[in-house]
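Structure, as structure tokens:
Each value in this text was obtained by applying a stated rule to the coordinates, not by laboratory testing. Just so it is clear, the structure is predicted and the values come from calculations on it, not from any experiment. Cβ: placed from backbone, ideal geometry, glycine included. Neighbour counts: every protein chain shown.
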Amino acid sequence: MSDQVETAPELDDDAPLEARSPEGLDDEALERRAAALAEVLKFGDPVLRSKASPVTEFDQALGEETERMIAIMRDGMGVGLAATQLGILRRVLVFQAGADAPATALVNPEIEWSSAVEFATAEEGCLSLPGVVLEVERPLHIRVRASDPNGTELTIEASGLEARVLQHEIDHLDGVLILQRAPKEQRRGAMRALREGGTYAPPRPEEEAGDAAAGGDPPAAGNGAGTGAAAGSGAA
């Protein structure tokens, strides 16, 4: 099998990792999005905390599986999707970190290198955690070794948002959610929002300044708390 090296385009490091906004969509697109999100496992399903098994057969069924995953990701307006989010415990992910980027499927992806001193913190959402956005610190640069659905080996060097999306999806394959990577206070607020069916996002600096001026506390969670988290926002 050949070994191909791909360099991912550099994207905005400060851009939040979350689903593209559904604003302006027609009824048909909204219906497709709802149908896609209905197929994604949500927080509380034990499969999301399970580690996926390596793929050993590169056959037509695998190709069809990745095509279906890409369709669900696009209809759901996410930037990535792991097979575990569909209840499939196989190490397969798809991603499209940018409107102009191609949708890519990776099989048996592994991070073989990450920047040891360069990290970035950014907001991440997740299709499996509807309405929740959390700040997550991750290495800014990574190198991933994987195969495509045909079994051809690939090496992807990624930075910024592309690297963040890949790390988010590989976490899913290892049974790790962004809740486990977020600061403790944010995790507590997100858990409360998930239990109550509300939304959560970290307080923005301008919100904290406003709360301080008013003598109040920053928002924590619950219905409508964390104004930056729109219901259904998520990435992967």
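Around the amide H of Thr199, modelled in the peptide plane, lie the amide H atoms of Gly222, Asn223, Gly224, Ala225, all under 5 Å away and 5 or more residues distant in sequence or on another chain.
Annotation: amide H-H contacts under 5 Å for Arg90 (H modelled 1.01 Å from N, sequence separation of 5 or more, or interchain): Ser53, Thr84. Whole-Hz Karplus values for the stretch 135-148 come out as 8, 10, 8, 9, x, 7, 10, 9, 10, 10, 10, 7, 10, 8 Hz, taken residue by residue from phi with 6.51 cos²θ - 1.76 cosθ + 1.60 and θ = phi - 60°; glycine and proline positions read x.
Computed from the Cα positions only, the extents of the stretch 80-201 along the three principal axes stand at 45, 35, 27 Å, in decreasing order. A full extension of the chain between Arg204 and Arg49 corresponds to an added length of 52.8 nm, given 0.36 nm per residue minus the alpha carbon distance. Taken over the alpha carbons of the stretch 3-183 as equal point scatterers, the Debye sum produces base-10 log I(q)/I(0) values at 0.10 Å⁻¹ of -0.35.
What the Cβ-Cβ distance of Leu89 and Trp113 gives, at R0 = 22 Å and to the nearest 0.05, is a FRET efficiency of 0.25. A simple spin-label model places pseudo-atoms 7 Å from Cα toward Cβ; at Glu64 and Glu135 they are separated by 4.6 nm. With the simple model of a label 7 Å out from the Cα in the direction of the Cβ, Asp100 to Leu30 spans 3.1 nm.
The tail of the calculated P(r) for the stretch 103-149, taken as Cα-Cα distances beyond 11 Å, holds 73 percent of the pairs.
The fraction of Cα-Cα pairs per 10 angstrom bin, counted from 0 for the stretch 150-206, comes to 18, 34, 32, 11, 5 percent, rounded to whole percents.
Protection proxy ranking of 168-174, 43-49, 133-139, by the mean of other Cβ atoms within 10 Å over each peptide's residues and highest first, is 168-174, 133-139, 43-49. Using C-alpha pairs under 8 Å with a sequence gap of at least 6, the mean separation divided by the residue count of the stretch 3-183 gives a relative contact order of 32 percent. Couplings 3J(HN,Hα) for the stretch 156-163, derived from phi with the Karplus relation 6.51 cos²θ - 1.76 cosθ + 1.60 (θ = phi - 60°), are 10, 9, 10, 9, x, 4, 4, 5 Hz, where x marks Gly and Pro. Extension gain, Met191 to Lys42, is 52.3 nm, computed as 0.36 nm per intervening residue step minus the present C-alpha separation. Sequentially through the stretch 57-70, phi angles give Karplus couplings (6.51, -1.76, 1.60; θ = phi - 60°) of 10, 9, 10, 4, 4, 5, x, 5, 5, 5, 5, 5, 4, 5 Hz, Gly and Pro residues having no value and appearing as x.
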